[in-house]
Amino acid sequence: MSKKEHTIKNSNGEDLRAVLELPENDTPKAYAIFAHCFTCNSDLRAVRAIARGLTSYGFAVMRFDFTGLGESEGEFANTNFTHNIDDLEIVAEYLAENFQAPKLIIGHSLGGAAALVAAAKIDSIEAVVALAAPAEPAHVTHLFADKIEDMERNGHAEVNIGGRPFVLKKQFLDDLASQNNQKIIKELRKPLLIMHSPQDKIVGIHNAAKIYERAHHPKSFISLDGADHLLSNRSDSAYVADIIGIWVQRYLVE
């Protein structure tokens, strides 16, 4: 396994920090993109572990920081869910131009909701994995429900998520409200793997049920029994990587 740092320009000309995890022979069976969770970054332990785990199955994985998060440039307050989709499309274009068009997209939490939308927009994507994903992007608003009134009244508010302060603007709420993931999932028609923990306290397991119900076959569900939302236990993220590595070969590897 090896990794290489990359810098990708977003739609505003700002630098997105990305890391391409490669299998030992540097000749991947296919390329994948990983969309991290809301206010997280691509160095989250689970993201790194899953990406590196997939290299042992011969896949290359591009993990990157969304605009305004981690080591990527830009102001997080000026971004929204639609901007995340745009970042995913740009990263896919970068891979297609410099390596090979990605065939797999993996998303964690709100990144899972973003992956479902991006999968419908990126023609090269042939399989999708949603980890602990909400059925609707607006689900994330429960994390700052006490600040929504301030955002509506003042146009912005400082919120605390995971012990860190972030500024969110009313446009973020408006963008979430405009999304229709139910329609997108129903029309996706690409192999989908849903993985979720029954003990997830951030995004309840009922979200996985809704996504599964809306999606067309082929679709699969794997219970991550005992895992927390961030898959912080090493054994949980290793299990996720193994399941994805085995499942996706039915659809991507000839």
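For the chain, the longest principal axis of the alpha carbon atoms and the long axis of helix 45-55 meet at an angle near 20°. As a rough footprinting exposure proxy, the listed residues Asp43, Asp86 were ranked by other beta carbons within 10 Å of their own, and the order from fewest upward is Asp43, Asp86.
For region 203-254 versus region 144-184, the inter-centroid distance based on Cα atoms is 27 Å. Taking every alpha-carbon pair under 8 Å whose residues sit at least 6 apart, region 2-139 reaches a relative contact order of 24 percent. Rounded to the nearest 500, the helix-only mean residue ellipticity at 222 nm of the chain stands at -10500 deg cm²/dmol, with each DSSP H run of n ≥ 4 adding -39,500 (n - 2.57). In the chain, Cα pairs under 8 Å separated by at least six residues give a relative contact order of 18 percent. Of the residues Ala118, Gly74, Gly53, the one whose Cα sits farthest towards the positive end of the charge dipole of the chain is Gly53 (charges of +1 on Lys and Arg Cβ, -1 on Asp and Glu Cβ, taken about the Cα centre). About the centre of its Cα atoms, region 67-130 shows a dipole size close to 280 debye [charges on the beta carbon of Lys, Arg (+1) and Asp, Glu (-1) only; nearest 20 debye].
Expressed to the nearest 5 percent, the antiparallel share of DSSP beta bridges inside the chain is 45 percent.
Rule-based calculations on the coordinates, nothing more; no lab input. Small disclaimer: the values here were computed from a predicted structure and weren't measured. Neighbour counts run over all protein chains shown; Cβ positions are idealised from the backbone, glycine included.
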